[in-house]
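Asks: One structure coming up, written as structure tokens, with questions to follow.
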């Protein structure tokens, strides 16, 4: 409403597209070609953080399905000791009441070893990432609130087990903007096998403007559809002509947020036509770099290519990149942990190690926050003999980059890896820490929604300052 009365001049999207002649897309693009537009008409694409940041970009390696912490990052001698036996003592009493203690304990699938100068213990499942042990910070006392995949995927991504809240990437894009106005602030590279439990709302913008939702890149030779404009089209004159009509239409709608978000998305799409082809074209990369990402191997080529795309986007100013590993089942090792984790570690371990090497070599490591983890961990008890069930009560998340201490294990689960016990890190604490590293006070990054000041961490969240470098 622009005059306090019910809007009577509103007409449908079809009406508007018809009257616009070339459509809203052309009208949106007009703003890009009018050099006379005042600075006041343009929203800044970079925003100041609340305080000096320790990092300015995020790479989130999301292992979908729930990787087993006691088989990868959290060695448990007592699990070796009691393997094949019922839960001991108080553990058995608690879990019997929860009706999940009927199966015996399953010992670690592969041995752990002390790595690097720090001696950080990492499983033989991850020999390549283990080479970076002195650069890794393992949060061993993480915990969440749901035992189910969709709700836990939502919580890890949005802070809530309910669908429809803004994702971490959207909050970061909203709070800091983009370093490159020709690329999205927030890009997602889903696993091409598909089947994320919870689906695209995991990277949605929720009640934030739609401009801040994650932009997905597909696998293959055409990651972004319709990236190249038709060679026969020259919209320059028409776009200039429609500039004023575009602004007038937006003003008549009282600068409606939905309309503005759509215009912004078309503007971004137009800018991407000039910049994105170079970013997604890896043919210029040297043979040495391609080998670093293990592109020569059939097992690792797909995930390695997405790791390389992630690096190319980070170095060109994309603020938040989220890269998924895991299809419908993914790391969800209910039946056979050995087979499952051998396959998924085999696909990801070497490319991630190469990505770490590349970020360090290019000077991107120190101001990039890297996150490795899934939506929860696994149970110490066996399932179907050689598998493990879901465990949101205790699991590990790995951080890396110049913002955090390396060669460190912070927090702990109990002696068998069932529950977070020492220096516990709830999902809200993890999110508060991520925002803090980016220079954002999680209590001040809010938006009014339905009369309430909403934030990523709800009414909780403590920054884990002990792990900061």
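Asks: Has region 118-132 got at least one residue that is over 22 Å from residue 341 (Cβ atoms), touching a strand residue (DSSP E or B) at 6+ places or on another chain (Cβ under 8 Å), assigned to a loop (DSSP other than H, G, I, E, B) and modelled with pLDDT under 95?
Replies: No, region 118-132 contains no residue that is over 22 Å from residue 341 (Cβ atoms), touching a strand residue (DSSP E or B) at 6+ places or on another chain (Cβ under 8 Å), assigned to a loop (DSSP other than H, G, I, E, B) and modelled with pLDDT under 95.
Asks: Only residues that are modelled with pLDDT of 95 or more and either in a strand (DSSP E or B) or buried (at least 19 other Cβ atoms within 10 Å of the Cβ) (or both): list them for region 272-301, please.
Replies: Hits for region 272-301 are 292, 293, 294, 295, 300.
Asks: Also: I'm trying to understand the selection: among the residues of region 380-391, which are out of contact with any helix residue (DSSP H, G or I) (no Cβ under 7 Å at 6 or more places or on another chain) and assigned to a strand (DSSP E or B)?
Replies: As a first pass, look at region 380-391 and keep what is out of contact with any helix residue (DSSP H, G or I) (no Cβ under 7 Å at 6 or more places or on another chain): 381-385, 389-391.
Answer for region 380-391, where residues must be out of contact with any helix residue (DSSP H, G or I) (no Cβ under 7 Å at 6 or more places or on another chain) and assigned to a strand (DSSP E or B): 381, 383, 390, 391.
Asks: Cβ-Cβ under 7 Å, sequence separation 6+ or interchain: first residue in region 166-180 and in contact (Cβ under 8 Å) with a residue 12 or more places away in the chain and on the phi > 0 side of the Ramachandran plot, partner assigned to a loop (DSSP other than H, G, I, E, B) and crowded, with 24+ Cβ neighbours inside 10 Å. Which pairs?
Replies: Here the result reads 177/185, each pair linking region 166-180 to a residue that is assigned to a loop (DSSP other than H, G, I, E, B) and crowded, with 24+ Cβ neighbours inside 10 Å.
Here's the yes/no breakdown for (1) closer than 17 Å to residue 331 by Cα; (2) touching a residue at least 12 places away in the same chain (Cβ under 8 Å); (3) outside any loop (DSSP other than H, G, I, E, B); (4) over 17 Å from the mean Cα position of the chain (by Cα):
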{"position": "363", "(1), (2), (3), (4)": "no, no, no, yes"}
{"position": "366", "(1), (2), (3), (4)": "no, yes, no, yes"}
{"position": "369", "(1), (2), (3), (4)": "no, yes, yes, no"}
{"position": "372", "(1), (2), (3), (4)": "yes, yes, yes, no"}
{"position": "375", "(1), (2), (3), (4)": "yes, yes, no, no"}
{"position": "393", "(1), (2), (3), (4)": "no, yes, no, yes"}
{"position": "397", "(1), (2), (3), (4)": "yes, yes, yes, no"}
{"position": "402", "(1), (2), (3), (4)": "no, yes, no, yes"}
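Asks: From the list 330, 346, 317, 354, pick out the single residue that is surrounded by fewer than 24 Cβ atoms within 10 Å (Cβ to Cβ) and part of a loop (DSSP other than H, G, I, E, B). Break it down stepwise before answering.
Replies: Values: 330 fails: surrounded by fewer than 24 Cβ atoms within 10 Å (Cβ to Cβ); 346 fails: part of a loop (DSSP other than H, G, I, E, B); 354 fails: part of a loop (DSSP other than H, G, I, E, B).
None of the others qualify; the one that does is 317.
Asks: Looking at 434, 440, 416, 370, can you tell me which residue is in contact with a strand residue (DSSP E or B) (Cβ under 7 Å, 6 or more places away or on another chain) and farther than 23 Å from residue 70 by Cβ? Give the steps one after another, and end with the answer.
Replies: Details: 440 fails: in contact with a strand residue (DSSP E or B) (Cβ under 7 Å, 6 or more places away or on another chain); 416 fails: farther than 23 Å from residue 70 by Cβ; 370 fails: farther than 23 Å from residue 70 by Cβ.
None of the other options fit; the residue is 434.
Asks: What number of residues in region 409-454 are without any contact (Cβ under 8 Å) to a residue 40 or more places away in the chain, in a loop (DSSP other than H, G, I, E, B) and crowded, with 22+ Cβ neighbours inside 10 Å?
Replies: Residues meeting the conditions: 1.
Asks: Still on this structure, please answer the following. May I ask you to verify whether residue 462 is surrounded by fewer than 24 Cβ atoms within 10 Å (Cβ to Cβ) and closer than 30 Å to residue 109 by Cα? Steps first, please.
Replies: Details: surrounded by fewer than 24 Cβ atoms within 10 Å (Cβ to Cβ): yes; closer than 30 Å to residue 109 by Cα: no.
Judged against the criteria, residue 462 is not a match.
The values are calculated or read from the model by the stated rules, or taken from the named source; none is laboratory data. Note that the structure is predicted; figures quoted are calculated from it, not measured. Neighbour counts run over all protein chains shown; Cβ positions are idealised from the backbone, glycine included.
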